[in-house]
Amino acid sequence: MQQPIVGIPVFRISWNAFTASALALALALALALSSSPLFAQAGLAEQEGRAMRIGIIGSGTMGGAIGLLWAEAGHEILFSSRNPDELMDLVQSAAPRASAGYADAAAYFGDVILLAVPPGAIPQIGEDIGHLMQGKVVIDLTNPRADRDGPLTDEWLEMGTGLAMAQYLPGARLVKAFNSLGARMLANPIGRSGEKIGVPIAGDDAEARDIVADLVRDTGLEPVMVGRLERAKEFDRGSPVWVSGQSAAQLREALNLR
Ligand SMILES: NC(=O)c1ccc[n+]([C@@H]2O[C@H](COP(=O)([O-])OP(=O)(O)OC[C@H]3O[C@@H](n4cnc5c(N)ncnc54)[C@H](OP(=O)(O)O)[C@@H]3O)[C@@H](O)[C@H]2O)c1
């Protein structure tokens, strides 16, 4: 046996010795490797040649689940936390396309950044590492909640969370998406109508919106283009479509997009 290459033992078998038992061994090895994450099938994004580097800031319920789905689609993910050593299980589940670090590493690494933290954390994140996100596609899935996010909650919802969070991230290509979901919808993307659940998207940069639409499809959900960032208010927490589980067609109707 030769030295392992990237952790996989390499066997050299001569044709003379290629007996029935060697064939059985080779087949068993092929089967074992095909079920290993390292040999996972190419995901949709990889097949379509649009795999990207994505930094995830906040790797909890939403950030963790979405990151896993994107890794499965073929994207490279850097999950981040204030305690990155606690993310090893997550990284292993997304192997080999994942790593872990602090938020600044995720912001530096990603062509796309997902903000999956409480919105009350965003002013500080913007101040500390906003410069690393300038010019990048930044997805904001936050929903302000007074008991958790403090006295600015009402102001942010009044303004619309798209415009509100943009104040803290100047120069980022900010797109609001995924905030209208419940976490369970990521595990089961088919709604009561029997169709895929729709994900409203709002942002001022058309190319960024298109990138996010593909990333929504990569999670098994259906993108719904709503328009400019100010329209994120129409699917913010408290709006009729928020966490409604409606299909893309139902959302278009409800949001007057026809
Ligand atoms: N859960 C849902 O169904 C759902 C659906 C749609 C949108 N959202 C929105 O998604 C966001 C995340 O929700 P979640 O349910 O995923 O929450 P979560 O499970 O608590 O995860 C949030 C993560 O943010 C990080 N975090 C918390 N406070 C922070 C701070 N001050 N600075 C930096 N990082 C901080 C934490 O990571 P570390 O402690 O590891 O650093 C935590 O893992 C929220 O804005 C929420 O409103 C949630």
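Derivation of every value follows stated rules applied to the coordinates shown; laboratory data play no part. Remember, it's a predicted structure, so these values are computed and weren't measured experimentally. Counting neighbours? That spans all protein chains shown, and the Cβs are built from the backbone with ideal geometry, glycine included.
Can you find, within the stretch 184-234, the residue that is surrounded by the most Cβ atoms within 10 Å (Cβ to Cβ) among those that are touching a helix residue (DSSP H, G or I) at 6+ places or on another chain (Cβ under 6 Å) and over 20 Å from Gln250 (Cα atoms)? Ranking the candidates gives Gly203 first.
Within the stretch 91-108, residues that are assigned to a strand (DSSP E or B) have Cβ atoms under 8 Å from residues that are of a type in the set (Gly, Ala, Ser) in these pairs: Ala98/Gly67; Ala98/Ala71; Ala100/Ser59; Ala100/Ser80; Ala100/Ser81; Gly101/Ser80, counting only partners at least 6 apart in sequence or on another chain.
Looking only at the stretch 228-245, residues that are in contact with a strand residue (DSSP E or B) (Cβ under 6 Å, 6 or more places away or on another chain) and farther than 20 Å from Ala65 by Cβ come to 3 in all.
Checked against (1) assigned to a helix (DSSP H, G or I); (2) closer than 22 Å to Glu46 by Cα, Pro223 passes all but a single condition, namely (1).
Right, Arg217: closer than 18 Å to Gly126 by Cα and within 18 Å of the chain's Cα centre (by Cα) or not?
Details: closer than 18 Å to Gly126 by Cα: no; within 18 Å of the chain's Cα centre (by Cα): yes.
The answer is no for Arg217.
Consider the stretch 125-162 and keep the residues that are away from the ligand (no atom under 14 Å from the Cβ), in a loop (DSSP other than H, G, I, E, B) and exposed (fewer than 15 other Cβ atoms within 10 Å of the Cβ). The one that is farthest from the chain's Cα centre (by Cα) is Pro151. Considering only residues of the stretch 223-258 that are of a type in the set (S, T, N, Q) and away from the ligand (no atom under 16 Å from the Cβ), which is nearest to the chain's Cα centre (by Cα)? Residue satisfying both the conditions and the ranking: Ser247. Filtering the stretch 103-124 to residues that are within 9 Å of the ligand (Cβ to nearest atom) and closer than 30 Å to Gly74 by Cβ leaves Ala103, Leu115, Ala116, Val117, Pro118, Pro119, Ala121, Ile122.
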